[in-house]
């Protein structure tokens, strides 16, 4: 699955983080370099290397957020 805006993001423990709000792509390759998740207290920036699993249902991260 490709990472795209609106996809739900959950952490390693299954807790919903939020949805992807923006994606930054590489200028030459067009590949996803990082994606941004907005929470009321701050924005989080993740890279594709932070993703444990990506499906049509959402993105599961390798880490747990408290």
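Here the condition is being modelled with pLDDT of 90 or more and either in a strand (DSSP E or B) or in contact with a helix residue (DSSP H, G or I) (Cβ under 6 Å, 6 or more places away or on another chain) (or both); of 12, 33, it holds for 33 alone. Assess whether residue 3 counts as being assigned to a loop (DSSP other than H, G, I, E, B), under 11 Å from the mean Cα position of the chain (by Cα), in contact (Cβ under 8 Å) with a residue 40 or more places away in the chain and surrounded by 11 or more Cβ atoms within 10 Å (Cβ to Cβ). For residue 3, the condition - assigned to a loop (DSSP other than H, G, I, E, B), under 11 Å from the mean Cα position of the chain (by Cα), in contact (Cβ under 8 Å) with a residue 40 or more places away in the chain and surrounded by 11 or more Cβ atoms within 10 Å (Cβ to Cβ) - is met. Restricting the stretch 36-50 to residues that are modelled with pLDDT of 90 or more and outside any strand (DSSP E or B), the residue that is surrounded by the most Cβ atoms within 10 Å (Cβ to Cβ) is 50.
The values are calculated or read from the model by the stated rules, or taken from the named source; none is laboratory data. The structure displayed is predicted, hence computed values, not measured ones. Note that each Cβ is placed from the backbone with ideal geometry, even for glycine, and that neighbours are counted across all protein chains shown.
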